[in-house]
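Chemist: Following this message is one structure expressed as structure tokens.
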Amino acid sequence: MRKKIIAGNWKMNMLPGETIEFINELAPLVKNTENEVILCVPYTDLFYAILTAQGTNIKIGAQNMHYEEKGAYTGEVSAQMLKAINVEYVIIGHSERRQYYNETDETVNKKIKSAFANNLKPIVCVGETLEEREEGKTAEIITKQTELALNGLKNDEVENIIIAYEPIWAIGTGKTATSDDANNSIKEIRNKIAQIYGQNVASRVIIQYGGSVKSTNAKELFSMSDIDGGLVGGASLKAEEFSKIVNF
Ligand code: PGA
């Protein structure tokens, strides 16, 4: 049985003081869950988050990284740097980064390899636009993104990846994919992984749903056969609301 992983994606929100307060409030609310709890916070909050989360079941992730280890890349942060302060997870290829910062399937693939080389667990985002969906191309787009993201990875790396299926039209819009739709898209992704890496590997990969997840729809979504939890944006910014999603 795959476990459920609920990850918050704070995006560009929350100051260090708010981070400390949030984790102190969240920790007792989620301490009894069997689900894995991750908070992906801005770079400037990472260190505070890691210190505050010590001794709790809350794990900390970053929201992006560079694929090179070091060098003349002003403003960038590498996997090695994240690992050095005990970051465990990193979101890679979020649609906002693909859309606003020229993230491509190729850079996503390089970043995943660098994350694994530095013992970080990548949370890799894939998803279709509304236009692609309306043209009936959802399966084609998300399976292609998955194939390119995983290109060249070893089986044991693929098993340890977390994929977040996030239909772009559902992010921050209040529109959620129906649980059947989300489950079907995730099955397409899992089938593609099975084709390339075999059924055993595919059955172990955690695939989350993301896009307007909230406490009122989490249970229906996360109870589906292939949805292994969620990547939560807006609803991860309030500790009580996020705890209800974790404890769905
Ligand atoms: P949302 O964002 O929950 O606010 O729709 C999800 C995401 O972008 O990861």
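The values are calculated or read from the model by the stated rules, or taken from the named source; none is laboratory data. Just so it is clear, the structure is predicted and the values come from calculations on it, not from any experiment. Virtual Cβ from ideal backbone geometry, glycine too; neighbours counted across all protein chains shown. Surface accessibility is based on the protein's heavy atoms, side chains included, excluding ligands, DNA and RNA. Shrake-Rupley method; radii C 1.70, N 1.55, O 1.52, S 1.80 Å.
Chemist: Could you identify the single residue in Ile112, Ile91 that is surrounded by 15 or more Cβ atoms within 10 Å (Cβ to Cβ), under 23 Å from Leu15 (Cα atoms) and touching a residue at least 12 places away in the same chain (Cβ under 8 Å)?
Modeler: Numbers: Ile112 fails: under 23 Å from Leu15 (Cα atoms).
From the options Ile112, Ile91, the qualifying one is Ile91.
Chemist: Being within 16 Å of the ligand (Cβ to nearest atom) and open to solvent by 20 Å² or more (accessible area, probe 1.4 Å) is the filter here; which residues of segment 138-166 pass it?
Modeler: Result: Gln145, single match.
Chemist: Hey, does segment 174-195 have a residue that's polar (S, T, N, Q), closer than 30 Å to Phe22 by Cβ and exposed (fewer than 15 other Cβ atoms within 10 Å of the Cβ)?
Modeler: Here is the first cut: in segment 174-195, the residues polar (S, T, N, Q) are 176, 178-179, 183-185, 191, 195.
Of the ones still in play, those that are also closer than 30 Å to Phe22 by Cβ are 176, 179.
Checking the rest, the ones that are also exposed (fewer than 15 other Cβ atoms within 10 Å of the Cβ) come to none.
Taking every residue of segment 174-195 in turn, none turns out to be polar (S, T, N, Q), closer than 30 Å to Phe22 by Cβ and exposed (fewer than 15 other Cβ atoms within 10 Å of the Cβ).
Chemist: Okay, next question. Restricting attention to segment 167-175, does a residue exist that is among the hydroxyl-bearing types (Ser, Thr, Tyr), more than 15 Å from the ligand (Cβ to nearest atom) and touching a residue at least 12 places away in the same chain (Cβ under 8 Å)? Break it down into steps so the answer makes sense when it comes.
Modeler: Here is the first cut: in segment 167-175, the residues among the hydroxyl-bearing types (Ser, Thr, Tyr) are 173.
The next check asks that each one be more than 15 Å from the ligand (Cβ to nearest atom); those that pass are none.
Checked against the condition, which is being among the hydroxyl-bearing types (Ser, Thr, Tyr), more than 15 Å from the ligand (Cβ to nearest atom) and touching a residue at least 12 places away in the same chain (Cβ under 8 Å), segment 167-175 yields no hits at all.
Chemist: Then there is this: Take the conditions under 24 Å from Leu39 (Cα atoms), at pLDDT 95 or above and open to solvent by 70 Å² or more (accessible area, probe 1.4 Å) and apply them to Gly75. Does it pass? Lay out the reasoning, then the answer.
Modeler: Numbers: under 24 Å from Leu39 (Cα atoms): yes; at pLDDT 95 or above: yes; open to solvent by 70 Å² or more (accessible area, probe 1.4 Å): yes.
Criteria met by Gly75.
Chemist: Output the number of residues of segment 219-243 satisfying the condition of being among the aliphatic types (A, V, I, L, M) and within 11 Å of the ligand (Cβ to nearest atom). Let's see the steps before the verdict.
Modeler: As a first pass, look at segment 219-243 and keep what is among the aliphatic types (A, V, I, L, M): 221, 224, 227, 231-232, 235, 237, 239.
Those left that are additionally within 11 Å of the ligand (Cβ to nearest atom): 231-232, 235, 237.
Adding up the residues that qualify gives 4.
Chemist: Go through segment 219-248 and report how many residues are assigned to a helix (DSSP H, G or I) and more than 15 Å from Leu39 (Cα to Cα). First the steps, then the outcome.
Modeler: From segment 219-248, those assigned to a helix (DSSP H, G or I) are 219-222, 234-236, 239-246; that's our starting set.
This time we only want the ones that are more than 15 Å from Leu39 (Cα to Cα), so: 219-222.
Here the count works out to 4.
Residue-wise test of (1) more than 20 Å from Gln208 (Cβ to Cβ); (2) of a type in the set (Asp, Glu); (3) buried (at least 24 other Cβ atoms within 10 Å of the Cβ).
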site	(1), (2), (3)
Lys3	no, no, no
Leu26	no, no, yes
Tyr48	yes, no, no
Gly61	no, no, yes
